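The values are calculated or read from the model by the stated rules, or taken from the named source; none is laboratory data. Quantities reported herein were computed from a predicted structural model and do not represent experimental measurements. All Cβ positions, even for glycine, are placed from backbone atoms using ideal geometry, and neighbour counts span all protein chains on display. The protein model used for the area step is the full one, side chains on, heavy atoms only, and it has no ligands, DNA or RNA in it. Shrake-Rupley method; radii C 1.70, N 1.55, O 1.52, S 1.80 Å.
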Amino acid sequence: GAIIGYDEVSRLAALNRPPIQLRTGCFCNPGACQEALSLCDDDVTEQHASGHVCGDRRGIVNGKPTGAIRASFGKDSIWEDMDALASYIEKVFVSRRHVSLQTQQLNSGANQSDNEPLVIASLFVFPIKSCAAMRVRRWPINRCTGKLAFDREFALVDSSGAAMRLHSYPKMSQIESKIDLEHSIMIVSAPGH
């Protein structure tokens with residue numbers, strides 16, 4: 001397959017019937033985006049030099065992705081929501097030629113490894129909104145909300161009590177938080193502190 005920009009996926013999802021709502025972009029955190037997309041420093045520098053900035057809806061620069069797509073499911077989601085998303089992805093982005101070739105291989109017994117279950121390759125939790133991500137191998141889901149436990153549960157606020165956002169305070173991306181589930185604590189650190 002080929003890389004498809006998050007911007008194109010998002011626009012087509014909005015035109016779908018029923019419309020599909022996706023979160024797209026770069027996690028409000030360039031460092032987390034760089035890690036999740038396996039971009040090297042030169043890739044990020046090249047994207048910026050080409051004029052790419054947060055929110056510009058340029059999903060691909062020089063053949064490399066600039067953001068990701070996230071579909072959120074929670075306690076109010078129903079099976080039909082997931083089915084609509086899967087149907088949309090299949091209808092718009094799956095090559096029929098590839099599917100029929102794969103079906104022929106499976107029916108003939110060739111390439112059984114193609115039939116292996118899908119696996120999540122990377123999982124990130126953002127305990128403090130707009131701050132650095134915490135990469136985890138396994139993570140509990142809050143049974144009440146259906147969300148990853150502690151994901152974006154905390155925020156930094158200014159003196160007026162308004163939540164601070166990375167867009168206005170870019171150094172927030174350097175603030176790291178680690179949640180220790182066993183001891184029920186969160187450790188927050190930043191360069192020089």
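Structure notes:
- Within the range 32-53, if we keep just the residues that are under 20 Å from residue 122 (Cβ atoms) and of a type in the set (Asp, Glu), the residue that is surrounded by the most Cβ atoms within 10 Å (Cβ to Cβ) turns out to be 43.
- Taken as a whole, the range 7-30 holds at least one residue that is open to solvent by less than 80 Å² (accessible area, probe 1.4 Å), acidic (Asp, Glu) and within 18 Å of residue 93 (Cβ to Cβ).
- Pairs where the first residue, in the range 125-146, is open to solvent by less than 30 Å² (accessible area, probe 1.4 Å) and the second is in a strand (DSSP E or B) and of a type in the set (Phe, Trp, Tyr), C-beta under 6 Å, 6+ apart: 127/154; 128/154; 133/124
- Restricting the first member to the range 87-98 and to residues that are closer than 19 Å to residue 18 by Cβ, and the second to residues that are surrounded by 11 or more Cβ atoms within 10 Å (Cβ to Cβ) and at pLDDT 85 or above, the beta-carbon pairs closer than 7 Å and six or more apart or on different chains are 88/13; 92/12; 93/4.
- Subset of the range 151-164 (residues that are open to solvent by less than 90 Å² (accessible area, probe 1.4 Å) and either of a type in the set (Phe, Trp, Tyr) or out of contact with any Asp or Glu (no Cβ under 6 Å at 6 or more places or on another chain) (or both)): 151, 152, 154, 155, 156, 157, 158, 161, 162, 163
A quick yes/no check of all residues on (1) more than 30 Å from residue 143 (Cβ to Cβ); (2) at pLDDT 85 or above; (3) touching a strand residue (DSSP E or B) at 6+ places or on another chain (Cβ under 7 Å); (4) assigned to a helix (DSSP H, G or I):
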site: 1; (1), (2), (3), (4): yes, no, no, no
site: 8; (1), (2), (3), (4): yes, yes, no, yes
site: 52; (1), (2), (3), (4): yes, yes, yes, no
site: 99; (1), (2), (3), (4): yes, no, no, yes
